[in-house]
Structure formats: C-alpha cells, structure tokens
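A short worksheet on the structure shown next.
The values are calculated or read from the model by the stated rules, or taken from the named source; none is laboratory data. Remember, it's a predicted structure, so these values are computed and weren't measured experimentally. In this analysis, Cβ positions are derived from the backbone assuming ideal geometry, glycine residues included, and neighbour counts consider all displayed protein chains.
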Amino acid sequence: MRGGMRNPMPEQAAEVRKHNFDEVATGYTEKTAIDEAQRCLNCPKPMCVTGCPVNVYIPKFIHAVSEGKFAEAIAILKQKNSLPAVCGRVCPQESQCESKCILGIKGEPVAIGRLERFVADYARTHNLEKITPASAGVAKKQKVAIIGSGPSGLTAAGDLAKLGYQVTIFEALHAAGGVLMYGIPPFRLPKDIVQYEIKNLERLGVKIIPNAIIGKTFTIADLMQEEGFAAVYIGTGAGLPHFMHIPGENLNGVYAANEFLTRVNLMGAYKFPQVATPVYVGKKVAVVGGGNVAMDAARTAMRLGAEHVYIVYRRGEAELPARKEEVGHAKAEGIEFKLLHNPAQILGNDQGWVTGLECIQMELGAPDASGRRSPQEIPGSNFVLDVDMVVMAIGQGANPLLKQTTPDLNVTKRGNIVVDATEATSIPGVFAGGDIVTGAATVISAMGAGKKAAQAMDAYLQKQA
Amino acid sequence: MAKILRKAELAPAVFEFVVAAPLVTHRCQPGQFVIIRVDETSERIPLTIGDFDREAGTITLIVQAVGNTTKHFCQDFQAGDEILDVAGPLGRPSEMKKFGTVVCVGGGIGVAPVYPIARAYKALGNKVISIIGARSKNILIWVDKMRAVSDELIIATDDGTEGHKGFVTDPLKEMLTRGDKVDYVIAIGPVIMMKNVAATTKPFHTKTAVSLNTIMVDGTGMCGGCRVTVGGENYFACVDGPEFDGHQVDFVNLMERQKMYKNQEALPYSCGGHCKCVEE
Ligand SMILES: Cc1cc2nc3c(=O)[nH]c(=O)nc-3n(C[C@H](O)[C@H](O)[C@H](O)COP(=O)(O)OP(=O)(O)OC[C@H]3O[C@@H](n4cnc5c(N)ncnc54)[C@H](O)[C@@H]3O)c2cc1C
Ligand SMILES: Cc1cc2nc3c(=O)[nH]c(=O)nc-3n(C[C@H](O)[C@H](O)[C@H](O)COP(=O)(O)OP(=O)(O)OC[C@H]3O[C@@H](n4cnc5c(N)ncnc54)[C@H](O)[C@@H]3O)c2cc1C
Ligand code: SF4
Ligand code: SF4
Ligand code: FES
C-alpha cells in the first residue's frame, strides 16, 4: 500500500510544452495505473459516484484496473460514459467525483479522472473495443435527428443508435465534435481522440451530415414533416461569444476567444502557412476572463509565440472558474495573472490596431446572491496595460439562429431552450440539452443531458410507433 | 463533397463555377451566401450564391482570385472536381417586397450577387433599374443576365469602353438629382463603392442596403470575427446580415478590419478588385 498521496501525472516540462501543441499530460503507464487503482478502498457506499453527473461505476472500473483487467474496465466505463477519453482529460474532477472520494479526507483522493483516461487510451491503442452496428439483427426503429455534434449530441446519438433508432446528426461546421474540436486546444485534448470516438459512433450506424445548419439548410419543421424524422434532439451548445461593450472592441487585434481558438484548433492556424487560415498573435496579449476558455486562449497565445500573456480577471484567485489544474499549468507556463482587474476600454492607433488595455483595479465587497464576493471598482486606479492583442473570454450565450426559424420553440430571455424534467421542449417530439439549455457548463453535464434525453425520446417514440 | 459541374472564365481572374449543392438549394434565397472549404488545408471562405436552380440542385458561384484560397480554387479546380465542403445557405435573405422602383447597383464581381436579387425584385413587380460597373468592358460580367431581369440597365466603365464613362455613382446621382422616383437602392461591390453609393443616396433619404463582405470563419454567429458597427451597435454580418442599412454602416471600421491579416496574406488588400472604385 502506498501512503495518502496519489500518483503524479507525468507531463511535458513547462519550458518545453509552452512552445508546442502536443498534449501537456502524457498519461499513466500500466504500472502506475494499477498502483493508483490499488489505492481505492472499493467502498461499499462509494461517495465518488454521487459526485459524477452520469454516475460512472467508479469503484467497479477501478477494481478491474487494479487487477489489470482493462477490457473489463472499459466496458464498465462505457455503460455510463461514452467518451471516457475525453472526460478523463477535461472533467473538473476536483469538484466532481474526486471531491467526494473518501481518501480525500485525510490524504489525496484516488485519481479517478486519470484512471478513466488511462483505461480509455489503453482500450483505444489496444483495440479492446469491438464495435458492431447496433442495428444488426434488430428491427430498425424510427429516424431520429440530432442537431449539433458536441458531447451532448454525440451522447444522445450513441444511446439512440444502440436502442436501434436510425440516427442522423446534422452539424453546422465541417467537422463533428463541437467545442471538443473547435474550442479545447489539442494540448489538452488531442483531436485524433475526438475523431476516434466519432468514428466509433459512425460504426454504430450513426450518420453525420456536416455543413448542415439547422434553421438555414433545413428547419426543424422540414426535418419532421419532409425528411421523415420522428423526433429531434437539439444540442447546439452555447456558441455565441459575449463582448463587454466597452470602447475599442472592434479594433484589429481584438478577438473573441471562440474566433481565436477556432482559427487555431479547427482550422489549424498554428501550422500557417502550411494551412491557409491565418491567425494574428501579438507580442503582448491580454486575455479577459478567468474560466477554462480564458486559460486555453492564454496558453494558446503563449504557444504561438507571444512574449507576454496576461489573464485579466475582475475577481480574485479563489473565484477563478477555471479548473485548478489548468490555472496551475498556465502559471507554470509563465502566464501572468492580473487578478482584481477589470478592462475599461481598449486603446488603438489611427490604423485601427490595438495598442493597450485600460484596466481599473477592483476590490472584493460583500458576498452577492451567488455567494461570491462581488468585485467593486477602486476609483482612480485606472492604468494602461501595454498590449497589442486582446482576447475576450468572458462567456458565451445561446446562438439565436435556430430559434429564428422555429417560432414555437420556447426559450428564456437569454435564448436558452426551455425543457421539462425529461429534456422535452415546447414542441412535441423535440428535445434539447447541453449548453443550449443550461448555458455554458461542462462536457460531462452536456453528456448527461444527452443520455437523459435519449431515454425520454425512446419512451416518446415507442408511444408513436 | 460538392461536384463542380461547369467552370467558365468570365473576365480575367473571375470564374464562374456551377456546383451541385442540393442541401443549399433546398431553402436558399437571394442575398444569402455559402462558406466553402475547397480542400483539407484551405480556409473557410464566404461566397455569395450568385444564382441557383432548385430543381437541378445547383448553385452558381462567381469567384475572383484575390488571395491564396481563391487563387488556388480558380486555378486548380476544374469541372468534374469536388469541393470538400459547402455550407449554407447562410445569412439573412434580402428584404423581399414590392418597393416600387428599385435600383440595383453592382460593382465588379458584385454584379453576381446582385443578379438574383434583381431577378426576385422584378418577379415581385418592382420596376428594376440596374447600374453595373467595372474598370473596363472586358471585365464586365453577366451583362445579358442583368439586362434580362431589369427594366433598364445602365453600364458604367472607368475607361468608357462600354456605356457611361465614370463611376456607378454618377448615373445614380443623376437620377436622384433629376427627381426620378427611386424607392430602394441595393448596392453590392467593393466597400469603397458601397460607401460611395450610400453617401450618394443619403442626402435624398433613399433607403439603401449594402452587403458587407467582412472576414468570416464559421458563418453561424459562433466566432464573432465578422462583427461590424451599424448605427453605433455591434452586429455579426453572418447572421444579422450580410445586408445592412448603408446609411448606418461604419465603413471605415469595416475597411480597417478587412486588413487584419494583410501581413499574413502577403498580398495587398483587394476585395472586388476589378471595380474602378478600388483605385480611387
Ligand atoms: C475553450 C473551451 C474550453 C472548455 N474547457 C472545458 C473543460 O476543460 N472541461 C469541461 O467540462 N468543459 C469545458 N468547456 C465547456 C464544454 O466544452 C461545453 O460545456 C460542452 O462542449 C457543451 O456541449 P454541447 O454538446 O452542449 O455543445 P457544443 O460542444 O457547443 O456543440 C454544439 C455543436 O452544435 C453545432 N451547432 C450549433 N448550432 C447549430 C445548428 N443550428 N445546426 C447544426 N449544428 C449546430 C455547433 O457547430 C457545435 O458543433 C470548455 C468550453 C470551451 C469553449
Ligand atoms: C458574405 C460574403 C460574400 C462574398 N461573396 C463573394 C463572391 O461571391 N465572390 C468572391 O470572389 N468573393 C466574395 N467574397 C469575398 C471572399 O470571401 C474573399 O475574397 C475570400 O475569402 C478571400 O480569400 P483568399 O484566401 O483568396 O484571399 P486572402 O489573401 O486571404 O484575402 C484577400 C482579402 O479577402 C478578405 N478575406 C480573407 N479571408 C476572408 C474570409 N475568410 N472571409 C471573408 N473575407 C476574407 C480579406 O479582406 C482580405 O484582405 C464574399 C465575402 C463575404 C463576407
Ligand atoms: S465522467 Fe468525469 S465526473 Fe464522472 S467519473 Fe469520469 S472524470 Fe469523474
Ligand atoms: S470514494 Fe474513493 S476510495 Fe471509495 S470507491 Fe470511490 S474512489 Fe474508491
Ligand atoms: S463568421 Fe463567425 S460569427 Fe460571423
């Protein structure tokens, strides 16, 4: 038995990795994985499971790992989680499964996410999964349309295909995967892992139609009335970038994080000019925001050759919404945190290019309704941060495109789709989940919604059949 | 994958591609565009749907070779080849109604996007006066097609080799000054042309729409790269446009933003290059 500490994750040294797009964390070896798995007490009432939004059978899969039975481990994982290689990498485990682990009381919790990742990677590289078209042998059920191929749509599609439905995913972009492809950078989530999972879905019989913007190419009514889809799942995500509405936001050199990350990740601009899509990177870069998106943008700018990268965030360290691990990674890579700083305006030259970011310093006041201490401006504390690029990473909202041509779809003031406890929308046969319902959240919660909706859609479709 | 069915050179460095895109023609309307990615390493570039045939499931794209991707496409893609991705239709359709007399202004390759709009206005019972312009006669495109859908067609060339010698704004200004009835103007072409058209009609309070060719990536409202300032507010050209009220558009900001990648593109900025307005 080892002591109370978990096995550390091997990773590329900060000085090396800040110049490349290869994955930062390199993953456990078999030996380390088995050792880490042996730390688990296999609790009869495992608290960890309650912390996982999809209730992965954590002790069961970890027990299989501890005995070196990796094929068994992947099968157990997949019963609840269709994208373990993704979740093992990007779940905020420290506030979910691992936060509840009993070992965390005295020492460090079992590294559940790292083990999940290990099992998925091992299964992938050793071809442990036999995927056969779900429809083989079963009578084909109705046609179901999934709008959007993010984690939520992919999960719903997989579950419905396994139940025997004929599933088609419509994706607006040229590549499936949603934020997993265009948002999260390859140094945190290599793109071939996402594509492997998508290939598996296709092998299950799921059809993916890229370049199809629902609301434009087809409306939901077209899908149901002309194209013969008996039910629809909307998993369109929270793709609308927010801006601060401060002066100077339209200057050249100001990006929404979505555009910056899309250019680099989806379009591969980090390989420019081998690929045609360019990206601008300043020498001194300010990224506004404190979430995962902000960390990703800052670390991406660093990798593209920025000399100095700041995170400008209006609250304090404790309030940073990003995963702790990623904040740590960012700091190790040399990103400077300007906490309790808020942008007032972006300054530019007569050619329309960014020359600086005027910030005002903040102090924390009394806790607000959300329990967080709300930041307040310190009058007269304004100063100019010398930067030639600004990335806005202050959040994303609901894209109005689908709603525009779907008048019967009930949405909130902010444009999020209203659903009931079964993820059903105001239109019969149309379900929704993931970020488009909850607002920007997490991969695993989007997947959980996709799972729940698949069940509800099955019940609905059985009644229709 | 979308197959190129026909390709023709309309003018130096301007090509017409007829492409099989049945998903796009299912619902496309005049004023909308597609985003294409010609091959694995290419950019996503927006191109207006110059014409479409719903029955045949084809769209016509008019492409001017101005930079890396458009040059690659125009030079290396022939009839029978396939374009990797065609996404659309994108953007809001043109405002379609019976205005009365509509003047359709097309500059350079801007004639192509104006064509389906003129045709639709005509079909709605509007009187359509079209003014099309180019630097010289040999780079005028779609003259016959435009004539067929217009009650009156005015041509302007910079060098006077065809029609009026001068800018497209000259005949427009004449009409307005003369007091001709003009209820609506739509102008598509190089930014500087659209800016001048809007400046020409403004004193007469003639409603003027312009179609903004910002830099775009996704075309679905996700990236925010296409943002434009109209009436002091921020809009995304791909979902809120591409047509906007010409009297409200901040053209200076638009022109600056189009230069965002000029260092990377190695080429000097030239959007609708063949219109004389660029040289202004
Ligand atoms: C940069 C970044 C980093 C993140 N890091 C983490 C992290 O570390 N851990 C974590 O748990 N979460 C993270 N998140 C959040 C997480 O990625 C999202 O919560 C999750 O992806 C939401 O999944 P979804 O399926 O609802 O939508 P999305 O992943 O947004 O996918 C929606 C898909 O629908 C498509 N679409 C939209 N409209 C249409 C339409 N009309 N027709 C057809 N297709 C359409 C979009 O193109 C997209 O592909 C991050 C997000 C970002 C942006
Ligand atoms: C709604 C819309 C409709 C358009 N319709 C047509 C059309 O019918 N025919 C046509 O020839 N052109 C059209 N354009 C312009 C066309 O998209 C650009 O010429 C093309 O993207 C240039 O790519 P490039 O790599 O060849 O040139 P580059 O060398 O990359 O750029 C040349 C110039 O084109 C602009 N540009 C570059 N990348 C993009 C991009 N991704 N999106 C938009 N502009 C960009 C820049 O301002 C740049 O200065 C349209 C643009 C928009 C926004
Ligand atoms: S899916 Fe996420 S929360 Fe659930 S066990 Fe895996 S890492 Fe933990
Ligand atoms: S709570 Fe911790 S020790 Fe107990 S089963 Fe879960 S992971 Fe293992
Ligand atoms: S092109 Fe990305 S939001 Fe318009």
(1) more than 22 Å from the chain's Cα centre (by Cα); (2) within 16 Å of ligand 5 (Cβ to nearest atom); (3) not small (G, A, S) all hold for A:Q274 apart from (2)
The range A:277-317, residues that are within 17 Å of the chain's Cα centre (by Cα), of a type in the set (A, V, I, L, M, F, W, C) and more than 14 Å from every other protein chain (Cβ to nearest Cβ): A:A294, A:M295, A:A298
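Taking the options A:Y270, A:Y310, A:Y280, name whichever one is in a helix (DSSP H, G or I) and either hydroxyl-bearing (S, T, Y) or on the phi > 0 side of the Ramachandran plot (or both).
A:Y270
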Go through A:P321, A:P343 for me and flag whichever is of a type outside the set (S, T, Y) and assigned to a strand (DSSP E or B). A:P343
Go through the range B:20-113 and tell me which strands (runs of 3 or more DSSP E), entirely inside it, have 2 or more residues that are within 20 Å of the chain's Cα centre (by Cα) and away from chain A (no Cβ under 14 Å). B:51-53, B:58-64, B:101-107
Residue check, A:A33 against (1) more than 9 Å from ligand 4 (Cβ to nearest atom); (2) under 25 Å from A:S152 (Cα atoms), all met but one. Which one? (2)
Among helices (runs of 4 or more DSSP H) entirely within the range A:156-262, at least 3 residues that are within 13 Å of chain B (Cβ to nearest Cβ) occur in A:179-182, A:257-261
Restricting the search to the range B:132-185, which residues are under 17 Å from the mean Cα position of the chain (by Cα) and basic (K, R)? B:R135, B:K145
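Here is a check on your reading of the model: is B:H72 more than 23 Å from B:G91 (Cα to Cα), surrounded by fewer than 23 Cβ atoms within 10 Å (Cβ to Cβ) and not assigned by TED's automatic domain parsing to the domain that holds B:S136?
Yes: the conditions hold for B:H72.
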Give me a count of the residues in the range A:373-410 that are under 25 Å from the mean Cα position of the chain (by Cα) and more than 24 Å from A:L461 (Cβ to Cβ). 14
Across the range B:210-242, which residue is nearest to the other protein chains (Cβ to nearest Cβ) among those that are surrounded by fewer than 22 Cβ atoms within 10 Å (Cβ to Cβ) and in contact (Cβ under 8 Å) with a residue 24 or more places away in the chain? B:T229
Subset of the range A:31-57 [in a loop (DSSP other than H, G, I, E, B) and within 16 Å of A:P84 (Cα to Cα)]: A:C52, A:P53, A:V54, A:N55, A:V56, A:Y57
Here are some conditions: (1) assigned by TED's automatic domain parsing to the domain that holds B:F236; (2) in contact with a Ser or Thr (Cβ under 9 Å, 6 or more places away or on another chain); (3) farther than 18 Å from B:T208 by Cα. B:G108 meets all but one. Which one does it not meet? (2)
Residue hits (the range B:25-68; of a type outside the set (S, T, N, Q) and within 16 Å of ligand 5 (Cβ to nearest atom)) are B:G31, B:F33, B:V34, B:I35, B:I36, B:R37, B:E43, B:R44, B:I45, B:P46, B:L47
Those residues of the range B:64-100 which are β-branched (V, I, T) and modelled with pLDDT of 95 or more, in sequence order: B:I83, B:V86
Condition test on A:Q225, is it of a type in the set (S, T, N, Q) and closer than 28 Å to A:N292 by Cα? no
Please determine whether any residue of the range A:405-415 is in contact with a helix residue (DSSP H, G or I) (Cβ under 6 Å, 6 or more places away or on another chain), in a loop (DSSP other than H, G, I, E, B), within 16 Å of ligand 1 (Cβ to nearest atom) and within 30 Å of A:L320 (Cα to Cα). no
